[in-house]
Amino acid sequence: MARIGFIGLGNMGLPMAENLMKAGHAVTGFDLVKASVGKLAVAGGTAATSVAQACDGAEMVITMLPAGSHVRDAYLGEDGIVASAAAEALLIDSSTIDVETARTIAAAAVAKGLMMVDAPVSGGIAGAQGATLTFMVGGEEAAFARAEPILSAMGKTVVHAGGAGNGQAAKICNNLILGVTMIAVSEAFVLAEKLGLEPQKLFDIASKSSGQCWSLTSYCPVPGPVPTSPANRDYRAGFTAAMMLKDLKLAQDVARATRATSPLGAGAAAVYQAFIDNADGNAGVDFSGIIRFLRESTH
Ligand code: NAD
């Protein structure tokens, strides 16, 4: 059993923390939203009122925060994790952020004698709830070895992707695929509707054909074929359109920096940007809600 501080108890963090408790670990959690901390306490965790308090005495500190700026503040701020973590603590950031920030924070942690890995995830809230996430981990071998059993309590696949920041590199590439395929699947359903083809029929055929992909078979953007997908609850997130856009922008930034070509990634980022700009509230809609935008857009 480990004493774990968990910071960021949102759509992903809360169910991940709950799975750690189910595996027998003691979790002290903090979130800026008090109600989320309350939910952790109801599930058997300990409520903390600050980042520093969540770190107090923890052998491991896990973060699941929205974006790079939040992660930087939580780790490097006054009374942040690097300043507050116990000596010998292992730090695990599972947020999706840019590679450079991940490497900067890892270097600051190591300079203080702490071990750190970046360990972003794939699998969505269903994966977080069911402890079936995929973790892609960047960091030293010894840090990975310590992190692996803890991550296994929250996921079913844990891959060491290389040194610090490489977990984030893998995640950004994965989500480039996700953003593009969600738009492609949504375009196909909208076209099918216009052609008089039932959505369920397209699903039955494409899920067994070369169009098969996660966006179709695990997160179908039309209601019906995949009962757990956000389409069945009016596109309540899930994984917000704002976060999808964040990840597509991260991919574009590094594509530019490394002179990699990414025309479909650029197109996907533009489509999500237009979706978010189109109406108040779209940023918080699940990213599969892009289908509504595509349906309403006409040439
Ligand atoms: P979320 O917005 O639901 O949760 C983030 C939480 O962090 C919020 O509850 C917020 O209050 C809290 N927070 C922000 N700053 C804080 C701080 N300084 N201290 C304490 N708490 C703070 O986001 P989410 O959907 O859980 O996603 C978290 C991360 O996981 C993101 O980086 C996202 O890209 C990634 N991710 C999400 C999904 C998904 O399906 N939702 C899937 C894979 C990866």
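The values are calculated or read from the model by the stated rules, or taken from the named source; none is laboratory data. Please read these numbers as outputs of a predicted model, since none were measured by experiment. Cβ: placed from backbone, ideal geometry, glycine included. Neighbour counts: every protein chain shown.
What the table shows:
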| read-out | value |
| --- | --- |
| Where a residue in region 230-243 is over 13 Å from SER215 (Cβ atoms) and its partner, wherever it lies, is surrounded by fewer than 22 Cβ atoms within 10 Å (Cβ to Cβ) and small (Gly, Ala, Ser), with Cβ under 7 Å and at least six apart | ALA237/GLY284; THR240/ALA283; THR240/GLY284; ALA241/ALA283; ALA242/ALA283; ALA242/GLY284 |
| Filtered residue count, region 233-288, keeping only those that are on the phi > 0 side of the Ramachandran plot and out of contact with any strand residue (DSSP E or B) (no Cβ under 7 Å at 6 or more places or on another chain) | 3 |
| Residues being more than 20 Å from ILE177 (Cα to Cα) and under 21 Å from the mean Cα position of the chain (by Cα) - total across region 260-282 | 2 |
| Whichever residue in region 158-199 is of a type in the set (S, T, N, Q) and within 27 Å of THR104 (Cβ to Cβ) and, among such residues, is surrounded by the most Cβ atoms within 10 Å (Cβ to Cβ) | GLN168 |
| Criterion violated by SER152 - all others in (1) buried (at least 18 other Cβ atoms within 10 Å of the Cβ); (2) of a type in the set (S, T, N, Q); (3) away from the ligand (no atom under 12 Å from the Cβ) satisfied | (1) |
| Filter result for ALA188 (in the same structural domain as PHE293 (by TED's automatic domain parsing), away from the ligand (no atom under 14 Å from the Cβ), more than 22 Å from LEU248 (Cα to Cα) and in contact with a helix residue (DSSP H, G or I) (Cβ under 8 Å, 6 or more places away or on another chain)) | no |
| Tally of residues being within 19 Å of GLY10 (Cβ to Cβ), more than 10 Å from the ligand (Cβ to nearest atom) and hydrophobic (A, V, I, L, M, F, W, C) across region 126-140 | 2 |
| Criterion (assigned by TED's automatic domain parsing to the domain that holds VAL190, in a helix (DSSP H, G or I) and out of contact with any helix residue (DSSP H, G or I) (no Cβ under 9 Å at 6 or more places or on another chain)) met by exactly one of ARG256, ARG292 | ARG256 |
| Residues of region 32-59 classified as farther than 19 Å from ALA87 by Cα, assigned to a loop (DSSP other than H, G, I, E, B) and polar (S, T, N, Q), total | 1 |
| Pairs, first more than 8 Å from the ligand (Cβ to nearest atom) in region 62-81, second of a type in the set (Asp, Glu) and assigned to a loop (DSSP other than H, G, I, E, B), C-beta under 6 Å, six or more apart | GLY68/ASP98 |
| In region 223-239, the residues that are among the hydroxyl-bearing types (Ser, Thr, Tyr) and surrounded by 21 or more Cβ atoms within 10 Å (Cβ to Cβ) | SER229, TYR235 |
| Meets criteria (aliphatic (A, V, I, L, M) and under 30 Å from VAL27 (Cβ atoms)) for ALA188 | no |
| Residue in region 1-31 that is farthest from ILE62 (Cα to Cα), counting only those that are near the ligand (Cβ under 6 Å from one of its atoms) and part of a loop (DSSP other than H, G, I, E, B) | ASN11 |
| Check on ALA106, out of contact with any helix residue (DSSP H, G or I) (no Cβ under 7 Å at 6 or more places or on another chain) and surrounded by 19 or more Cβ atoms within 10 Å (Cβ to Cβ) | yes |
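To keep it simple, each residue is scored yes or no on (1) farther than 17 Å from GLY29 by Cα; (2) in contact with an Asp or Glu (Cβ under 9 Å, 6 or more places away or on another chain).
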residue: GLU59; (1), (2): no, yes
residue: ILE62; (1), (2): no, yes
residue: HIS70; (1), (2): no, no
residue: ASP79; (1), (2): no, no
residue: SER84; (1), (2): no, yes
residue: ALA89; (1), (2): no, yes
residue: SER94; (1), (2): no, yes
residue: VAL99; (1), (2): yes, yes
